[in-house]
Amino acid sequence: MSEKGANAMWGGRFAGGPDAIMEAINASIGFDQRLAGEDIAGSQAHAAMLAACGIIAQADAEAIADGLDRVRADIAAGRVSWSPALEDIHMNIEARLKELIGAPAGRLHTARSRNDQVATDFRLWVRGQCDDAIAGLEALQRALIDQAEAGADWVMPGFTHLQTAQPVTWGHHMMAYVEMFARDAGRLRDARARMNESPLGAAALAGTSFPIDREMTARALGFERPCANSLDAVSDRDFALEFLAAASICGMHLSRLAEELVIWSSAQFRFVALSDRFATGSSIMPQKKNPDAAELLRAKVGRIIGAQVALLTVMKGLPLAYSKDMQEDKEQVFDAADTLQISLAAMTGMIGDMTANRDALEAAAASGFSTATDLADWLVRDLGLPFREAHHVTGALVRRAEETGRDLPDLTLDEMRAVHPQITEGVFGVLGVHNSVASRTSFGGTAPEQVRAQIARWRERLP
Ligand code: ARG
(Lines give C-alpha, C1' and ligand atoms only; values in the text may rest on other atoms or scores of the structure.)
Protein backbone atom coordinates (compact mmCIF):
# COMPACT_ATOMS: atom_id res chain seq x y z
CA MET A 1 0.00 0.00 0.00
CA SER A 2 1.22 3.50 -0.72
CA GLU A 3 1.46 6.20 1.91
CA LYS A 4 -1.31 8.71 2.48
CA GLY A 5 -1.39 11.32 -0.29
CA ALA A 6 0.77 9.32 -2.64
CA ASN A 7 -0.47 8.67 -6.15
CA ALA A 8 -2.87 5.73 -6.34
CA MET A 9 -1.40 4.57 -9.66
CA TRP A 10 2.28 4.67 -8.94
CA GLY A 11 2.53 5.66 -5.26
CA GLY A 12 3.95 2.33 -4.07
CA ARG A 13 7.48 3.62 -3.71
CA PHE A 14 6.47 7.11 -2.55
CA ALA A 15 6.31 8.23 1.06
CA GLY A 16 4.00 11.14 0.38
CA GLY A 17 2.21 13.26 -2.18
CA PRO A 18 3.64 15.95 -4.44
CA ASP A 19 4.06 19.61 -3.66
CA ALA A 20 1.16 21.71 -4.94
CA ILE A 21 3.46 23.38 -7.47
CA MET A 22 4.67 19.97 -8.62
CA GLU A 23 1.10 18.85 -9.12
CA ALA A 24 0.30 22.01 -11.07
CA ILE A 25 3.28 21.77 -13.41
CA ASN A 26 2.94 18.03 -13.82
CA ALA A 27 -0.75 17.68 -14.57
CA SER A 28 -1.84 17.54 -18.18
CA ILE A 29 -5.49 16.75 -17.58
CA GLY A 30 -6.36 20.41 -18.18
CA PHE A 31 -5.65 19.87 -21.86
CA ASP A 32 -5.19 16.17 -22.63
CA GLN A 33 -8.84 15.57 -21.75
CA ARG A 34 -9.31 16.22 -25.47
CA LEU A 35 -7.81 12.77 -26.02
CA ALA A 36 -10.55 11.01 -24.03
CA GLY A 37 -12.26 9.44 -27.05
CA GLU A 38 -8.97 8.14 -28.46
CA ASP A 39 -7.84 6.93 -25.04
CA ILE A 40 -11.01 4.90 -24.56
CA ALA A 41 -10.82 3.44 -28.06
CA GLY A 42 -7.19 2.45 -27.45
CA SER A 43 -8.03 0.86 -24.10
CA GLN A 44 -10.92 -1.10 -25.55
CA ALA A 45 -8.71 -2.44 -28.33
CA HIS A 46 -6.02 -3.31 -25.81
CA ALA A 47 -8.41 -5.11 -23.42
CA ALA A 48 -9.96 -7.15 -26.23
CA MET A 49 -6.48 -8.17 -27.37
CA LEU A 50 -5.38 -9.12 -23.85
CA ALA A 51 -8.36 -11.44 -23.58
CA ALA A 52 -7.89 -12.87 -27.08
CA CYS A 53 -4.29 -13.69 -26.18
CA GLY A 54 -5.30 -15.29 -22.89
CA ILE A 55 -3.55 -12.62 -20.82
CA ILE A 56 -6.69 -11.55 -18.97
CA ALA A 57 -10.01 -13.33 -18.56
CA GLN A 58 -12.72 -12.77 -21.15
CA ALA A 59 -15.13 -11.72 -18.41
CA ASP A 60 -12.70 -9.03 -17.23
CA ALA A 61 -12.24 -7.75 -20.78
CA GLU A 62 -15.99 -7.49 -21.20
CA ALA A 63 -16.38 -5.67 -17.90
CA ILE A 64 -13.63 -3.27 -19.00
CA ALA A 65 -15.20 -2.70 -22.44
CA ASP A 66 -18.65 -2.02 -20.96
CA GLY A 67 -17.18 0.14 -18.23
CA LEU A 68 -15.28 2.21 -20.78
CA ASP A 69 -18.50 2.71 -22.75
CA ARG A 70 -20.02 4.08 -19.57
CA VAL A 71 -17.03 6.32 -18.97
CA ARG A 72 -17.42 7.66 -22.51
CA ALA A 73 -21.09 8.38 -21.86
CA ASP A 74 -20.29 10.00 -18.50
CA ILE A 75 -17.73 12.27 -20.15
CA ALA A 76 -20.15 13.21 -22.92
CA ALA A 77 -22.77 14.05 -20.31
CA GLY A 78 -20.30 16.13 -18.29
CA ARG A 79 -20.53 13.78 -15.33
CA VAL A 80 -16.78 13.31 -14.90
CA SER A 81 -14.81 15.82 -12.89
CA TRP A 82 -11.18 15.65 -13.89
CA SER A 83 -8.64 15.42 -11.12
CA PRO A 84 -5.22 17.07 -11.43
CA ALA A 85 -4.00 14.71 -8.72
CA LEU A 86 -4.49 11.93 -11.27
CA GLU A 87 -2.23 13.86 -13.65
CA ASP A 88 -3.55 13.03 -17.05
CA ILE A 89 -6.40 11.66 -19.12
CA HIS A 90 -5.06 8.11 -18.94
CA MET A 91 -5.11 7.87 -15.16
CA ASN A 92 -8.33 9.85 -14.83
CA ILE A 93 -10.14 7.45 -17.13
CA GLU A 94 -8.68 4.39 -15.42
CA ALA A 95 -9.69 5.75 -12.03
CA ARG A 96 -13.21 6.39 -13.23
CA LEU A 97 -13.33 2.89 -14.69
CA LYS A 98 -12.33 1.49 -11.33
CA GLU A 99 -15.13 3.41 -9.62
CA LEU A 100 -17.56 1.86 -12.08
CA ILE A 101 -16.39 -1.75 -12.37
CA GLY A 102 -14.01 -2.31 -9.47
CA ALA A 103 -11.22 -4.86 -9.57
CA PRO A 104 -11.14 -5.78 -13.30
CA ALA A 105 -10.10 -2.19 -14.04
CA GLY A 106 -6.77 -2.99 -12.45
CA ARG A 107 -6.02 -5.52 -15.21
CA LEU A 108 -6.36 -3.07 -18.10
CA HIS A 109 -2.84 -1.70 -17.79
CA THR A 110 -1.23 -5.13 -18.24
CA ALA A 111 1.42 -5.14 -20.98
CA ARG A 112 1.24 -1.46 -21.70
CA SER A 113 2.50 1.84 -20.33
CA ARG A 114 1.28 5.38 -20.48
CA ASN A 115 4.14 5.93 -22.91
CA ASP A 116 2.70 3.75 -25.67
CA GLN A 117 -0.79 4.76 -24.56
CA VAL A 118 -0.25 8.49 -25.05
CA ALA A 119 1.65 7.94 -28.29
CA THR A 120 -1.30 5.90 -29.58
CA ASP A 121 -3.95 8.38 -28.42
CA PHE A 122 -2.13 11.33 -29.89
CA ARG A 123 -1.51 9.63 -33.23
CA LEU A 124 -5.17 8.76 -33.48
CA TRP A 125 -6.10 12.35 -32.70
CA VAL A 126 -3.69 13.87 -35.21
CA ARG A 127 -4.79 11.35 -37.84
CA GLY A 128 -8.38 12.54 -37.33
CA GLN A 129 -7.23 16.13 -37.73
CA CYS A 130 -5.57 15.25 -41.04
CA ASP A 131 -8.91 13.90 -42.25
CA ASP A 132 -10.78 16.98 -41.06
CA ALA A 133 -8.29 19.36 -42.64
CA ILE A 134 -8.40 17.46 -45.94
CA ALA A 135 -12.21 17.71 -45.93
CA GLY A 136 -11.94 21.43 -45.14
CA LEU A 137 -9.49 21.92 -47.99
CA GLU A 138 -11.74 20.13 -50.44
CA ALA A 139 -14.67 22.35 -49.49
CA LEU A 140 -12.49 25.40 -50.06
CA GLN A 141 -11.33 24.07 -53.42
CA ARG A 142 -14.94 23.62 -54.49
CA ALA A 143 -15.74 27.21 -53.57
CA LEU A 144 -12.75 28.40 -55.61
CA ILE A 145 -13.72 26.26 -58.58
CA ASP A 146 -17.23 27.75 -58.50
CA GLN A 147 -15.70 31.21 -58.65
CA ALA A 148 -13.36 30.15 -61.44
CA GLU A 149 -16.19 28.71 -63.49
CA ALA A 150 -18.33 31.84 -63.18
CA GLY A 151 -15.48 34.01 -64.41
CA ALA A 152 -13.39 31.69 -66.56
CA ASP A 153 -13.04 34.37 -69.27
CA TRP A 154 -13.19 37.54 -67.18
CA VAL A 155 -10.00 39.51 -67.52
CA MET A 156 -8.01 41.06 -64.71
CA PRO A 157 -4.48 42.30 -64.32
CA GLY A 158 -1.92 39.68 -63.51
CA PHE A 159 0.78 41.07 -61.26
CA THR A 160 4.45 40.58 -60.62
CA HIS A 161 5.99 42.72 -57.88
CA LEU A 162 2.34 43.83 -57.41
CA GLN A 163 2.88 45.85 -60.61
CA THR A 164 0.59 45.21 -63.56
CA ALA A 165 2.29 42.56 -65.66
CA GLN A 166 -0.01 40.85 -68.16
CA PRO A 167 -3.76 40.32 -68.33
CA VAL A 168 -4.94 37.03 -66.89
CA THR A 169 -8.36 35.53 -66.39
CA TRP A 170 -10.20 35.58 -63.09
CA GLY A 171 -10.73 31.85 -63.47
CA HIS A 172 -7.01 31.32 -63.86
CA HIS A 173 -6.27 33.26 -60.68
CA MET A 174 -8.84 31.27 -58.70
CA MET A 175 -7.51 27.99 -60.05
CA ALA A 176 -3.97 28.86 -58.93
CA TYR A 177 -5.23 28.53 -55.35
CA VAL A 178 -6.97 25.27 -56.16
CA GLU A 179 -3.53 23.87 -57.09
CA MET A 180 -1.96 25.25 -53.91
CA PHE A 181 -4.63 23.78 -51.66
CA ALA A 182 -4.40 20.47 -53.51
CA ARG A 183 -0.74 20.25 -52.58
CA ASP A 184 -1.67 21.03 -48.97
CA ALA A 185 -4.16 18.17 -48.97
CA GLY A 186 -1.52 15.96 -50.57
CA ARG A 187 0.95 16.77 -47.82
CA LEU A 188 -1.66 15.88 -45.20
CA ARG A 189 -2.42 12.61 -46.99
CA ASP A 190 1.27 11.75 -47.12
CA ALA A 191 1.69 12.56 -43.44
CA ARG A 192 -1.41 10.54 -42.58
CA ALA A 193 -0.13 7.50 -44.42
CA ARG A 194 3.26 7.70 -42.71
CA MET A 195 1.83 8.19 -39.21
CA ASN A 196 -0.62 5.32 -39.55
CA GLU A 197 1.38 2.80 -37.51
CA SER A 198 0.43 1.70 -34.04
CA PRO A 199 2.70 2.39 -31.06
CA LEU A 200 0.44 0.32 -28.78
CA GLY A 201 2.28 -2.61 -27.27
CA ALA A 202 5.66 -0.87 -27.29
CA ALA A 203 4.89 -0.56 -23.57
CA ALA A 204 7.24 1.70 -21.60
CA LEU A 205 10.06 1.46 -24.15
CA ALA A 206 11.26 -2.12 -24.55
CA GLY A 207 8.17 -4.08 -25.51
CA THR A 208 6.69 -6.64 -23.14
CA SER A 209 7.16 -10.22 -22.04
CA PHE A 210 3.42 -10.88 -22.30
CA PRO A 211 2.35 -12.71 -25.49
CA ILE A 212 0.48 -9.74 -26.96
CA ASP A 213 -0.79 -9.38 -30.52
CA ARG A 214 0.17 -5.96 -31.81
CA GLU A 215 -1.30 -6.63 -35.24
CA MET A 216 -4.68 -7.11 -33.62
CA THR A 217 -4.71 -3.79 -31.78
CA ALA A 218 -3.27 -2.02 -34.81
CA ARG A 219 -6.10 -3.34 -36.98
CA ALA A 220 -8.76 -2.53 -34.41
CA LEU A 221 -7.62 1.09 -34.35
CA GLY A 222 -7.40 1.45 -38.12
CA PHE A 223 -3.60 1.49 -38.25
CA GLU A 224 -1.80 -0.12 -41.17
CA ARG A 225 0.65 -2.02 -38.95
CA PRO A 226 2.42 -1.80 -35.58
CA CYS A 227 5.49 0.45 -35.29
CA ALA A 228 8.49 -1.82 -35.76
CA ASN A 229 10.74 -0.50 -33.01
CA SER A 230 9.43 -0.04 -29.49
CA LEU A 231 11.93 2.69 -28.57
CA ASP A 232 11.00 4.68 -31.66
CA ALA A 233 7.29 4.02 -31.14
CA VAL A 234 7.14 5.76 -27.76
CA SER A 235 9.53 8.60 -28.53
CA ASP A 236 8.46 9.59 -32.04
CA ARG A 237 6.48 12.77 -32.51
CA ASP A 238 7.25 13.14 -36.22
CA PHE A 239 3.59 12.59 -36.94
CA ALA A 240 2.63 15.74 -35.06
CA LEU A 241 5.49 17.68 -36.62
CA GLU A 242 4.51 16.60 -40.12
CA PHE A 243 0.95 17.66 -39.44
CA LEU A 244 2.20 21.03 -38.20
CA ALA A 245 4.48 21.43 -41.22
CA ALA A 246 1.63 20.70 -43.61
CA ALA A 247 -0.64 22.99 -41.57
CA SER A 248 1.97 25.78 -41.62
CA ILE A 249 2.30 25.66 -45.38
CA CYS A 250 -1.46 25.54 -45.76
CA GLY A 251 -1.79 28.46 -43.34
CA MET A 252 0.75 30.37 -45.43
CA HIS A 253 -1.37 29.77 -48.53
CA LEU A 254 -4.50 30.88 -46.70
CA SER A 255 -2.67 33.98 -45.58
CA ARG A 256 -1.62 34.85 -49.14
CA LEU A 257 -5.17 34.52 -50.38
CA ALA A 258 -6.38 36.52 -47.39
CA GLU A 259 -3.92 39.27 -48.28
CA GLU A 260 -5.28 39.37 -51.82
CA LEU A 261 -8.81 39.68 -50.46
CA VAL A 262 -7.74 42.58 -48.25
CA ILE A 263 -6.17 44.35 -51.23
CA TRP A 264 -8.94 43.47 -53.69
CA SER A 265 -11.76 44.62 -51.42
CA SER A 266 -10.19 48.06 -50.86
CA ALA A 267 -11.77 51.15 -52.42
CA GLN A 268 -8.64 51.58 -54.54
CA PHE A 269 -9.01 48.16 -56.18
CA ARG A 270 -12.70 47.24 -55.90
CA PHE A 271 -11.96 43.88 -57.53
CA VAL A 272 -14.26 42.06 -55.12
CA ALA A 273 -17.01 42.76 -52.63
CA LEU A 274 -16.97 40.59 -49.55
CA SER A 275 -20.32 39.65 -48.09
CA ASP A 276 -21.63 41.29 -44.96
CA ARG A 277 -21.43 37.90 -43.32
CA PHE A 278 -17.63 38.02 -43.40
CA ALA A 279 -17.02 41.70 -42.77
CA THR A 280 -17.49 44.18 -39.95
CA GLY A 281 -18.18 47.87 -39.74
CA SER A 282 -16.44 50.68 -37.93
CA SER A 283 -17.90 52.25 -34.81
CA ILE A 284 -16.81 55.71 -35.96
CA MET A 285 -16.59 55.66 -39.77
CA PRO A 286 -20.01 54.82 -41.19
CA GLN A 287 -18.74 54.10 -44.70
CA LYS A 288 -16.39 51.32 -43.64
CA LYS A 289 -16.75 47.64 -44.36
CA ASN A 290 -13.67 45.90 -43.07
CA PRO A 291 -12.37 42.54 -44.26
CA ASP A 292 -11.74 41.35 -40.69
CA ALA A 293 -12.02 37.65 -41.42
CA ALA A 294 -9.34 37.94 -44.10
CA GLU A 295 -7.11 39.97 -41.81
CA LEU A 296 -7.50 37.45 -39.00
CA LEU A 297 -6.69 34.62 -41.36
CA ARG A 298 -3.56 36.44 -42.44
CA ALA A 299 -2.54 36.59 -38.78
CA LYS A 300 -3.68 33.17 -37.60
CA VAL A 301 -0.98 31.35 -39.50
CA GLY A 302 1.48 32.78 -36.99
CA ARG A 303 0.04 30.52 -34.32
CA ILE A 304 0.43 27.47 -36.52
CA ILE A 305 4.02 28.25 -37.45
CA GLY A 306 4.69 29.03 -33.80
CA ALA A 307 3.37 25.63 -32.80
CA GLN A 308 5.68 23.93 -35.25
CA VAL A 309 8.71 25.79 -33.95
CA ALA A 310 7.68 25.08 -30.36
CA LEU A 311 7.35 21.34 -30.89
CA LEU A 312 10.58 21.10 -32.87
CA THR A 313 12.24 22.86 -29.97
CA VAL A 314 10.71 20.49 -27.43
CA MET A 315 11.89 17.45 -29.36
CA LYS A 316 15.27 18.43 -30.69
CA GLY A 317 17.45 17.48 -27.71
CA LEU A 318 15.62 14.48 -26.29
CA PRO A 319 17.50 11.22 -25.85
CA LEU A 320 15.56 7.99 -26.43
CA ALA A 321 13.00 7.06 -25.38
CA TYR A 322 10.15 8.89 -23.59
CA SER A 323 10.85 12.04 -21.60
CA LYS A 324 8.28 14.12 -19.80
CA ASP A 325 9.17 17.01 -22.07
CA MET A 326 6.95 15.24 -24.56
CA GLN A 327 3.87 16.12 -22.55
CA GLU A 328 4.43 19.60 -23.99
CA ASP A 329 3.60 18.27 -27.44
CA LYS A 330 -0.15 18.57 -27.16
CA GLU A 331 -1.41 22.07 -26.46
CA GLN A 332 0.38 23.59 -29.44
CA VAL A 333 -0.91 20.91 -31.78
CA PHE A 334 -4.45 21.28 -30.45
CA ASP A 335 -4.32 25.02 -30.99
CA ALA A 336 -2.79 24.72 -34.44
CA ALA A 337 -5.40 22.17 -35.52
CA ASP A 338 -8.25 24.33 -34.22
CA THR A 339 -6.75 27.37 -35.92
CA LEU A 340 -6.39 25.56 -39.22
CA GLN A 341 -9.92 24.26 -39.07
CA ILE A 342 -11.55 27.63 -38.41
CA SER A 343 -9.30 29.32 -40.95
CA LEU A 344 -10.34 26.88 -43.67
CA ALA A 345 -13.99 27.31 -42.77
CA ALA A 346 -13.76 31.11 -42.76
CA MET A 347 -11.93 31.19 -46.09
CA THR A 348 -14.47 28.83 -47.64
CA GLY A 349 -17.26 31.11 -46.43
CA MET A 350 -15.57 34.24 -47.75
CA ILE A 351 -14.79 32.77 -51.15
CA GLY A 352 -18.27 31.31 -51.51
CA ASP A 353 -19.93 34.63 -50.67
CA MET A 354 -17.56 36.96 -52.51
CA THR A 355 -18.72 38.85 -55.60
CA ALA A 356 -16.08 39.66 -58.20
CA ASN A 357 -16.53 43.03 -59.90
CA ARG A 358 -16.15 42.07 -63.53
CA ASP A 359 -16.06 45.66 -64.82
CA ALA A 360 -13.45 46.82 -62.35
CA LEU A 361 -11.33 43.78 -63.10
CA GLU A 362 -11.48 44.46 -66.83
CA ALA A 363 -10.78 48.18 -66.49
CA ALA A 364 -7.76 47.43 -64.35
CA ALA A 365 -6.63 44.72 -66.78
CA ALA A 366 -6.53 47.22 -69.62
CA SER A 367 -4.51 49.80 -67.72
CA GLY A 368 -0.84 49.82 -66.95
CA PHE A 369 0.35 48.76 -70.44
CA SER A 370 -0.58 45.21 -69.58
CA THR A 371 -0.44 44.08 -73.21
CA ALA A 372 3.09 45.32 -73.84
CA THR A 373 4.36 41.74 -73.97
CA ASP A 374 1.70 40.92 -76.56
CA LEU A 375 2.94 43.83 -78.63
CA ALA A 376 6.55 42.64 -78.39
CA ASP A 377 5.49 39.09 -79.28
CA TRP A 378 3.59 40.47 -82.30
CA LEU A 379 6.71 42.29 -83.51
CA VAL A 380 8.60 39.01 -83.28
CA ARG A 381 5.92 36.89 -84.90
CA ASP A 382 4.64 39.22 -87.63
CA LEU A 383 7.68 41.36 -88.42
CA GLY A 384 10.37 38.81 -87.63
CA LEU A 385 12.18 41.10 -85.17
CA PRO A 386 14.55 39.49 -82.68
CA PHE A 387 12.85 39.52 -79.24
CA ARG A 388 15.43 41.87 -77.76
CA GLU A 389 14.77 44.46 -80.47
CA ALA A 390 11.01 43.95 -80.16
CA HIS A 391 11.36 44.57 -76.41
CA HIS A 392 13.18 47.82 -77.15
CA VAL A 393 10.63 49.03 -79.71
CA THR A 394 7.77 48.21 -77.34
CA GLY A 395 9.52 50.07 -74.54
CA ALA A 396 9.70 53.14 -76.75
CA LEU A 397 5.98 52.88 -77.54
CA VAL A 398 5.13 52.49 -73.84
CA ARG A 399 7.17 55.60 -73.09
CA ARG A 400 5.36 57.49 -75.85
CA ALA A 401 1.95 56.45 -74.45
CA GLU A 402 2.94 57.20 -70.88
CA GLU A 403 4.25 60.67 -71.75
CA THR A 404 0.94 61.53 -73.36
CA GLY A 405 -1.21 59.98 -70.64
CA ARG A 406 -2.61 57.17 -72.79
CA ASP A 407 -2.62 53.39 -72.99
CA LEU A 408 -1.07 51.34 -75.79
CA PRO A 409 -4.26 50.80 -77.86
CA ASP A 410 -4.78 54.61 -77.90
CA LEU A 411 -1.62 55.24 -79.95
CA THR A 412 -2.23 55.91 -83.65
CA LEU A 413 -0.68 53.77 -86.36
CA ASP A 414 1.40 56.79 -87.45
CA GLU A 415 2.80 57.24 -83.98
CA MET A 416 3.71 53.58 -83.93
CA ARG A 417 5.33 53.76 -87.35
CA ALA A 418 7.41 56.66 -86.16
CA VAL A 419 9.03 54.19 -83.79
CA HIS A 420 9.14 51.26 -86.22
CA PRO A 421 8.04 51.84 -89.85
CA GLN A 422 7.00 48.24 -90.58
CA ILE A 423 4.21 48.16 -87.96
CA THR A 424 0.79 47.53 -89.54
CA GLU A 425 -2.87 47.84 -88.56
CA GLY A 426 -2.73 44.21 -87.47
CA VAL A 427 -0.97 45.23 -84.27
CA PHE A 428 -4.22 46.51 -82.74
CA GLY A 429 -5.52 42.97 -82.75
CA VAL A 430 -3.14 41.99 -79.96
CA LEU A 431 -3.49 45.12 -77.86
CA GLY A 432 -6.90 44.20 -76.46
CA VAL A 433 -6.92 42.34 -73.16
CA HIS A 434 -9.36 39.69 -74.34
CA ASN A 435 -7.16 38.86 -77.31
CA SER A 436 -4.20 38.79 -75.00
CA VAL A 437 -5.63 36.18 -72.65
CA ALA A 438 -7.21 34.19 -75.48
CA SER A 439 -3.80 33.84 -77.10
CA ARG A 440 -2.15 32.24 -74.05
CA THR A 441 -3.23 28.72 -74.86
CA SER A 442 -0.07 26.93 -73.76
CA PHE A 443 -0.75 24.16 -71.25
CA GLY A 444 -1.47 25.75 -67.87
CA GLY A 445 -1.81 29.17 -69.48
CA THR A 446 -4.45 31.79 -68.79
CA ALA A 447 -6.60 31.35 -71.92
CA PRO A 448 -10.24 30.65 -70.99
CA GLU A 449 -10.12 27.31 -72.82
CA GLN A 450 -7.14 26.23 -70.70
CA VAL A 451 -8.86 27.40 -67.53
CA ARG A 452 -12.01 25.50 -68.44
CA ALA A 453 -9.97 22.38 -69.08
CA GLN A 454 -8.44 22.68 -65.60
CA ILE A 455 -11.84 23.26 -64.05
CA ALA A 456 -13.16 20.12 -65.74
CA ARG A 457 -10.17 18.14 -64.51
CA TRP A 458 -10.75 19.29 -60.95
CA ARG A 459 -14.50 18.74 -61.06
CA GLU A 460 -13.74 15.13 -61.87
CA ARG A 461 -11.25 14.79 -59.08
CA LEU A 462 -13.42 16.56 -56.51
CA PRO A 463 -16.97 15.36 -57.01
N1 ARG B 1 0.71 12.75 -19.59
C2 ARG B 1 1.83 12.13 -20.19
C3 ARG B 1 2.18 12.78 -21.50
O4 ARG B 1 1.41 13.48 -22.01
C5 ARG B 1 1.55 10.68 -20.42
C6 ARG B 1 2.77 9.81 -20.44
C7 ARG B 1 3.35 9.75 -19.08
N8 ARG B 1 4.41 8.85 -19.02
C9 ARG B 1 5.28 8.82 -18.01
N10 ARG B 1 6.22 7.94 -18.05
N11 ARG B 1 5.17 9.64 -17.00
O12 ARG B 1 3.24 12.64 -22.03
Which of the residues belonging to the range 200-216 are within 16 Å of the ligand (Cβ to nearest atom) and either among the basic types (Lys, Arg) or surrounded by 20 or more Cβ atoms within 10 Å (Cβ to Cβ) (or both)? Leu200, Gly201, Ala202, Ala203
Filter result (crowded, with 16+ Cβ neighbours inside 10 Å and more than 21 Å from Asp276 (Cβ to Cβ)) within the range 345-367: Leu361, Glu362, Ala364, Ala365, Ala366
Just checking, does the range 217-234 include any residue being at pLDDT 95 or above, open to solvent by less than 10 Å² (accessible area, probe 1.4 Å) and under 16 Å from the mean Cα position of the chain (by Cα)? no
Write out, first by first residue and then by second, each pair whose Cβ atoms fall under 6 Å of each other, whose residues are 6+ apart or on separate chains, and whose first residue, in the range 194-210, is closer than 18 Å to Ala48 by Cα and among the small types (Gly, Ala, Ser) while the second is within 16 Å of the ligand (Cβ to nearest atom) and open to solvent by less than 40 Å² (accessible area, probe 1.4 Å). Ala202/Asp116; Ala202/Ser230; Ala202/Ala233; Ala202/Val234; Ala203/Arg112; Ala203/Ser113; Ala203/Asp116
List every residue pair whose Cβ atoms lie under 9 Å apart, where the two residues are 6 or more positions apart in sequence or sit on different chains, the first residue falls within the range 393-416 and is within 18 Å of Asp377 (Cα to Cα), and the second residue, located anywhere, is open to solvent by 70 Å² or more (accessible area, probe 1.4 Å). Leu411/Arg400; Leu413/Glu425; Met416/Arg400
Considering residues that are outside any helix (DSSP H, G or I) and more than 29 Å from Asp184 (Cβ to Cβ), the number found within the range 201-223 is 13
I'd like to check something: does the range 145-153 contain any residue that is out of contact with any strand residue (DSSP E or B) (no Cβ under 8 Å at 6 or more places or on another chain) and within 30 Å of Cys227 (Cα to Cα)? no
Counted residues in the range 319-335 being more than 12 Å from the ligand (Cβ to nearest atom), more than 17 Å from Ala245 (Cα to Cα) and in contact with a helix residue (DSSP H, G or I) (Cβ under 7 Å, 6 or more places away or on another chain) come to 1
So Phe181 passes all but one of these: (1) out of contact with any strand residue (DSSP E or B) (no Cβ under 7 Å at 6 or more places or on another chain); (2) aromatic (Phe, Trp, Tyr); (3) open to solvent by 10 Å² or more (accessible area, probe 1.4 Å). Which condition number does it fail? (3)
Residue tally, condition charged (D, E, K, R), on the phi > 0 side of the Ramachandran plot and open to solvent by 50 Å² or more (accessible area, probe 1.4 Å), over the range 48-98: 0
Among the residues of the range 224-246, write down those that are assigned to a loop (DSSP other than H, G, I, E, B) and in contact (Cβ under 8 Å) with a residue 40 or more places away in the chain. Asp236, Arg237
Restrict the check to the range 25-33 and report whether at least one residue is away from the ligand (no atom under 16 Å from the Cβ) and open to solvent by 60 Å² or more (accessible area, probe 1.4 Å). no
Out of curiosity, is Ala240 modelled with pLDDT of 95 or more, within 16 Å of the ligand (Cβ to nearest atom) and open to solvent by less than 20 Å² (accessible area, probe 1.4 Å)? yes
Could you tell me whether any residue of the range 190-198 is away from the ligand (no atom under 16 Å from the Cβ) and either farther than 30 Å from Ala47 by Cα or modelled with pLDDT under 95 (or both)? yes
Listed by first then second residue, the pairs whose first member lies in the range 85-109 and is within 24 Å of Gly16 (Cα to Cα) and away from the ligand (no atom under 16 Å from the Cβ), whose partner is in a loop (DSSP other than H, G, I, E, B) and open to solvent by 50 Å² or more (accessible area, probe 1.4 Å), with beta carbons under 9 Å and at least 6 positions apart or on separate chains, are Lys98/Ala8
Just to be sure I understand, how many residues within the range 10-46 are within 22 Å of Leu200 (Cβ to Cβ), part of a loop (DSSP other than H, G, I, E, B) and of a type in the set (Phe, Trp, Tyr)? 1
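Rundown of residues vs (1) within 16 Å of the ligand (Cβ to nearest atom); (2) of a type in the set (S, T, N, Q), yes/no style:
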{"position": "Ala111", "(1), (2)": "yes, no"}
{"position": "Phe122", "(1), (2)": "yes, no"}
{"position": "Trp125", "(1), (2)": "yes, no"}
{"position": "Gln129", "(1), (2)": "no, yes"}
{"position": "Ile134", "(1), (2)": "no, no"}
{"position": "Phe159", "(1), (2)": "no, no"}
{"position": "Val168", "(1), (2)": "no, no"}
{"position": "His172", "(1), (2)": "no, no"}
{"position": "Met175", "(1), (2)": "no, no"}
Which ones in the range 411-437 are more than 34 Å from the chain's Cα centre (by Cα), of a type in the set (A, V, I, L, M, F, W, C) and in a helix (DSSP H, G or I)? Leu413, Met416, Ala418, Val419, Val427, Phe428, Val430, Leu431, Val433
Restricting to the range 266-293, count the residues that are open to solvent by 40 Å² or more (accessible area, probe 1.4 Å) and in a loop (DSSP other than H, G, I, E, B). 12
Go through the range 294-318 and count every residue that is in contact with a Leu (Cβ under 6 Å, 6 or more places away or on another chain) and within 12 Å of the ligand (Cβ to nearest atom). 0
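The values are calculated or read from the model by the stated rules, or taken from the named source; none is laboratory data. Just so you know, these numbers come straight off a predicted model, no measurement behind them. Virtual Cβ from ideal backbone geometry, glycine too; neighbours counted across all protein chains shown. These area figures cover heavy atoms from the full protein model, side chains too; ligands, DNA and RNA do not enter into them. Shrake-Rupley method; radii C 1.70, N 1.55, O 1.52, S 1.80 Å.
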